[in-house]
Amino acid sequence: MNFQRLDSYPAPVRIVLFLLTLLLLWLPIAAPLHLIYGASVGVGLTILLYCGFLGLIGVWGRKVSQYPHPYRYYGLSFTKKNGLEFLCGWGLGTITLIIFYGLQVILGWLAVQTTSWQEPLPARLLPMLGVYFVDWQGAIAPGMLTSLGVGFAEEVLFRGWILSELERDYSPRTALIGASLVFAILHFIKPLNLILATWSQFAGLMMMSVVLAIARRRREGRLGIAIGLHGGLVWCYYIVNTTHWLKPTGVAPEWVTGISGNPIAGIMGLLFLMAIAIGFTLLKR
């Protein structure tokens, strides 16, 4: 195969060819397993696909792009500095949503549910007694694992590989907008009725991608802070969303607080993301 010829193609073509190569490697394994075991292996096949992606970007980076250290180029460097930046990002994401929800509680837009630390009562009694069981153990640890996986997977894919490929051919601003559009569009692949119901989330996804890309750029291309920030935001939202211990009061409209409780699907969430983006922009390297 003429790898140098592949490298001469425009970035969108390179990205499509890479993804087609990944699918050609994955489908011969995934298709038979899905036919035999059905949907029960869906999670495993998704993990297999992503592992294939991680392996292929290393081969692609060396053979096609001629990078001596492709993972480092895409922002993955297992160093103390990157690890500390990951922790800082995680803390920033968590604290941001704590302030986000705390401010809404203070303003009366959210109400804290009455909770019980005992075993949950029968569901039919809960509304009458006003007692709600919050399974913190079932939210905090699983939420941390989920958010870590989501943060790592999406940052390596979108702010690592795709953004880096676009930056090779386009200006930093154009690459940033392109990578953010890809991120938002791929998250919006769902039925039309859901797209219409959550339309404001698109702007939030775009803004979130911009924030995470700026975070990476301010750290000399390292992904640690972006992975941490993404993971911290997802973790805090996961806990609130699964425990249901914060309830909207109806005082503020959803387009302000976030449609369906999603922080990035409202004006308030966009303002918080803009504040983080400005902070990173002003931050010295």
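Just so it is clear, none of the values below were taken in a lab; they were calculated from the coordinates. For clarity, every value in this text was computed on a predicted model and none was experimentally measured. Cβ atoms come from the backbone with ideal geometry, glycine included; neighbour counts cover every protein chain shown.
A compact table of results
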| item | result |
| --- | --- |
| Neighbour net charge for L87 - beta-carbon separation under 12 angstrom, K R +1, D E -1 | +1 |
| Burial ranking of peptide ranges 164-171, 27-34, 250-257 (average Cβ count within 10 Å, highest at the top) | 164-171, 250-257, 27-34 |
| Two-site FRET efficiency, L103 against Q4, from Cβ-Cβ distance with R₀ of 45 Å, rounded to 0.05 | 0.25 |
| Separation of the T174 and T79 label points, Cα + 7 Å toward Cβ, nm | 3.0 |
| Choice from L176, L186, L56 with maximal GNM fluctuation in the chain (Cα, 10 Å cutoff) | L186 |
| Trypsin sites (Lys or Arg not before Pro) restricted to DSSP loop in region 171-221 with at most 16 other C-beta within 10 Å | none |
| Segments 57-64, 194-201, 225-232 sorted - mean Cβ within 10 Å per residue, highest first | 225-232, 57-64, 194-201 |
| GNM top mover of G52, G44, G138 - the chain, alpha-carbon springs below 10 Å | G44 |
| For region 84-91, 3J(HN,Hα) per residue [Karplus equation, 6.51 cos²θ - 1.76 cosθ + 1.60, θ = phi - 60°, Hz, x = Gly/Pro] | 5, 5, 4, 5, 5, x, 4, x |
| Simple label model, 7 Å out from Cα along Cβ direction - H244 to Q66, nm | 5.9 |
| Normalised per residue, the volume of the convex hull around the Cα set of region 174-248 (Å³) | 110 |
| Projected label distance in nm at L25 and L181, using a 7 Å step from Cα toward the beta-carbon | 2.8 |
| Diffusion constant of region 75-282 at 4 °C, which comes from Stokes-Einstein with the Kirkwood Cα-pair radius and 1.567 mPa s, µm²/s | 71 |
| Cα-centre dipole for region 75-282 with unit charges at Cβ (Lys and Arg positive, Asp and Glu negative), debye to 20 | 320 |
